[in-house]
Amino acid sequence: HRPEPERWSIGEQIVHLNLASQAYLPAIEEAIEQGRASGSFGAGPYRRDFLGWMLARLTEPPVRLRVKTRDEFVPVRTGTSGEVLRTFEEHQVRSVAVLQRAAGLALDRIEVASPYDPRLRMNLYSFLRTVPAHQRHHLWLAERTRMILARADALEVAL
């Protein structure tokens, strides 16, 4: 259920994250392969570039700025809650495996373009910090939606 017509439901928040993962994971995997092929090996500490720092800061909860998402990332169909959560968990498992493959690379010397907007380019370390910030953002929104709907249900019962 949507708390308001213009706000996404909990399921839509998770489907959005699934759509984002489908786009982000191949971009990260490609950057890792390019880094290995070019010999960009190294160890931390790593540094985020300005764009990566700014995007992570803007997307971390609490939400400070609402941004309209591109059509391909708008959830139009959610499926059952079990299917949505199973897909989300599969993406999380794949994300961990991808991070393990990045071990030993100079993450701040490998560049990656955002699938959201290819004009936005940042180093891989920044990208790897921004993706979980985006996930926390939508999980925070989903939790807020849950609380709003629970309050509405409690109010309805009280009336």
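The values are calculated or read from the model by the stated rules, or taken from the named source; none is laboratory data. These numbers come from a predicted model, not from an experiment. Backbone-built Cβ (ideal geometry, glycine too); neighbour counts: all protein chains shown. Note: areas computed on protein heavy atoms with side chains; ligands, DNA, RNA excluded. Shrake-Rupley method; radii C 1.70, N 1.55, O 1.52, S 1.80 Å.
What the table below lists for this structure:
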{"item": "Subset of the stretch 80-96 (residues that are open to solvent by less than 40 Å² (accessible area, probe 1.4 Å) and either closer than 30 Å to ARG36 by Cβ or not in a helix (DSSP H, G or I) (or both))", "result": "PHE88, HIS91, SER95"}
{"item": "Residue match in the stretch 28-37 (condition: in contact with a Leu (Cβ under 8 Å, 6 or more places away or on another chain) and either surrounded by fewer than 14 Cβ atoms within 10 Å (Cβ to Cβ) or of a type in the set (Lys, Arg) (or both))", "result": "yes"}
{"item": "Pairs with Cβ under 7 Å, 6+ apart, first in the stretch 95-116 and among the β-branched types (Val, Ile, Thr), second open to solvent by less than 30 Å² (accessible area, probe 1.4 Å) and not in a helix (DSSP H, G or I)", "result": "ILE110/SER40; ILE110/ASN123; VAL112/MET122"}
{"item": "Any chance PRO61 is surrounded by 13 or more Cβ atoms within 10 Å (Cβ to Cβ), touching a residue at least 24 places away in the same chain (Cβ under 8 Å) and either of a type in the set (Val, Ile, Thr) or closer than 20 Å to GLN34 by Cα (or both)", "result": "no"}
{"item": "Output for the stretch 40-58, where each listed residue is open to solvent by less than 90 Å² (accessible area, probe 1.4 Å) and assigned to a helix (DSSP H, G or I)", "result": "LEU51, GLY52, MET54, LEU55, ALA56, LEU58"}
{"item": "Members of the stretch 64-79 found to be open to solvent by less than 80 Å² (accessible area, probe 1.4 Å) and within 19 Å of GLU6 (Cα to Cα), listed by number", "result": "THR69, PHE73, VAL74, PRO75, THR78"}
{"item": "Meets criteria (surrounded by fewer than 19 Cβ atoms within 10 Å (Cβ to Cβ) and at pLDDT below 95) for LEU149", "result": "yes"}
{"item": "Residue among LEU25, LEU19 that is open to solvent by less than 90 Å² (accessible area, probe 1.4 Å), closer than 28 Å to ARG101 by Cβ and free of Cβ contacts under 8 Å to residues at least 60 places away in the same chain", "result": "LEU19"}
{"item": "Of all residues making up the stretch 120-146, the number that are open to solvent by 40 Å² or more (accessible area, probe 1.4 Å) and not in a helix (DSSP H, G or I)", "result": "2"}
{"item": "Qualifying residues in the stretch 97-119 (those that are open to solvent by 50 Å² or more (accessible area, probe 1.4 Å) and in a loop (DSSP other than H, G, I, E, B)) - the one modelled with the highest pLDDT", "result": "ALA103"}
